[in-house]
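The structure appears below as structure tokens.
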2 protein chains.
Amino acid sequence: MPSSRLDEIDRKILAELQADGRMTNVELASRVGISAPPCLRRVRTLEEQGYIRGYHADVDARELGFEVQVYAMVGLQSQAEADLSAFEERCRNWPLVRECHMLNGEVDFILKCVAPDLSTFQRFLTEELTAADNVGSVKTSLVIRGAKDEPGVPFDVLEERLNRSA
Amino acid sequence: MPSSRLDEIDRKILAELQADGRMTNVELASRVGISAPPCLRRVRTLEEQGYIRGYHADVDARELGFEVQVYAMVGLQSQAEADLSAFEERCRNWPLVRECHMLNGEVDFILKCVAPDLSTFQRFLTEELTAADNVGSVKTSLVIRGAKDEPGVPFDVLEERLNRSA
DNA sequence: GTGATGACGAAATATTATTGCGCAAGCTAG
DNA sequence: CTAGCTTGCGCAATAATATTTCGTCATCAC
């Protein structure tokens, strides 16, 4: 089992690759202040240890014709673990559902959905989601516009925190 | 102005890079069935035209100590455009807020937040978010667990749709 | 001390990215 | 129908990167 705690260089690597996942290893190495070979070794290790789950191009959904984005709040009738899992599995199989998170509070799940147009979404909503087994309530909200969309880790907060405890 | 409609190869490129943003151009070219140089030219064009907004490593926030993820539903007191914009700008400056989307319906905004622990989030919630100018109501829900998290475009749906209209 | 361990970096090699052409297909005007 | 233009492909050469190899140094346990 690897010791696995990260040093400052590892954190810099993660921050840089989160900001630009296609940066060359040479550029990355120079930014974090070491030479290319150890830098690449660190990246591989971070990938293997799961700190980096993958790399993805950020594709503009609207440009591709997915004009509609919706958040759906879903309440189930039964919250037994088997029923929760079953619903999660169904979400994984619905391509229009891009995210599904289980929440505490009045609502059981929040879903982020996309669709080419409203009628496609409405059809999905009425024929699939609302109609699905064990689904009690569904409340949807259209996304009017996005103001910030930077999933990931706020590395500046992380560094502050480490400096304080140091 | 570029003609800008995408052909099947472009869509395949986008799908592949969305799935693996660090794929080499050689590998990508072979997957989409053309040679490397035109493939690279297409990628550059897609970037320039905004179909690809960027590339990002998907970093595991929990592994880095951000144990808490929260959705916050925010209602404002005034929905005048200037006030909406002001709130959005504030969200962009809060590092714990990773996403901010304006919604229709009862709630004005949904925010996705992360924090190292509950007390850090509570402090942010009470001292920053709830206390901010023009903020009326805030309801928060902790993410218990994530079941699906694949932001992006469902290219299979897109292809189906194009085949139908063809 | 001294041998084991881990990580670095220079140098060599293997892969990729990128550039520079030439060619062919599709279009258009005459 | 055909010259001339446009667009996009791919080969081949070149420039950059990635990756491997290996020698060195610091640390640490004994």
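The values are calculated or read from the model by the stated rules, or taken from the named source; none is laboratory data. Since this is a predicted model, take the numbers as computed values, not measurements. FYI the Cβ positions are ideal-geometry reconstructions off the backbone, even for glycines, and counts take in every protein chain you see.
Quick check on segment A:52-62. Is at least one of its residues away from chain B (no Cβ under 11 Å) and either surrounded by 16 or more Cβ atoms within 10 Å (Cβ to Cβ) or more than 10 Å from DNA strand D (Cβ to nearest atom) (or both)?
No, because not a single residue in segment A:52-62 is away from chain B (no Cβ under 11 Å) and either surrounded by 16 or more Cβ atoms within 10 Å (Cβ to Cβ) or more than 10 Å from DNA strand D (Cβ to nearest atom) (or both).
Looking at the structure I just gave you, is A:Ile13 touching a Leu at 6+ places or on another chain (Cβ under 7 Å) and not acidic (Asp, Glu)?
Considered against the rule, which asks whether it is touching a Leu at 6+ places or on another chain (Cβ under 7 Å) and not acidic (Asp, Glu), A:Ile13 comes out as yes.
Inside segment A:13-38, can you point out the residues that are near DNA strand D (Cβ under 8 Å from one of its atoms) and not charged (D, E, K, R)? Working first, answer last.
Step one: filter segment A:13-38 for residues near DNA strand D (Cβ under 8 Å from one of its atoms), giving A:23-29, A:36-37.
Selection gives A:Met23, A:Thr24, A:Asn25, A:Val26, A:Leu28, A:Ala29, A:Ala36, A:Pro37.
Restricting segment A:131-160 to residues that are loosely packed, with under 15 Cβ neighbours inside 10 Å and closer than 19 Å to B:Asp60 by Cα, which is farthest from the other protein chains (Cβ to nearest Cβ)?
Per the criteria, the residue is A:Glu159.
Tell me, which strands (runs of 3 or more DSSP E) lie completely within segment B:1-110 with 1 or more residues that are within 18 Å of A:Gly21 (Cβ to Cβ)?
Output list reads B:52-59, B:97-103.
Tally the residues that are in a strand (DSSP E or B) and within 18 Å of the chain's Cα centre (by Cα), restricting the search to segment A:116-166.
Summing the residues that are in a strand (DSSP E or B) and within 18 Å of the chain's Cα centre (by Cα) in segment A:116-166 gives 5.
Taking segment A:19-34 on its own, how many of its residues are touching a Lys or Arg at 6+ places or on another chain (Cβ under 8 Å) and away from DNA strand C (no atom under 12 Å from the Cβ)?
2
Looking at segment B:82-114, which of its residues are more than 7 Å from every other protein chain (Cβ to nearest Cβ), among the aliphatic types (A, V, I, L, M) and over 18 Å from the mean Cα position of the chain (by Cα)?
B:Ala82, B:Leu84, B:Ala86 - these are the residues of segment B:82-114 that are more than 7 Å from every other protein chain (Cβ to nearest Cβ), among the aliphatic types (A, V, I, L, M) and over 18 Å from the mean Cα position of the chain (by Cα).
Answer with yes or no whether B:Val43 is crowded, with 20+ Cβ neighbours inside 10 Å, more than 10 Å from DNA strand D (Cβ to nearest atom) and either more than 30 Å from A:Glu106 (Cα to Cα) or not assigned by TED's automatic domain parsing to the domain that holds B:Arg98 (or both). Explain how you work it out, then say what you get.
On the way: crowded, with 20+ Cβ neighbours inside 10 Å: yes; more than 10 Å from DNA strand D (Cβ to nearest atom): yes; either more than 30 Å from A:Glu106 (Cα to Cα) or not assigned by TED's automatic domain parsing to the domain that holds B:Arg98 (or both): yes.
It is true that B:Val43 is crowded, with 20+ Cβ neighbours inside 10 Å, more than 10 Å from DNA strand D (Cβ to nearest atom) and either more than 30 Å from A:Glu106 (Cα to Cα) or not assigned by TED's automatic domain parsing to the domain that holds B:Arg98 (or both).
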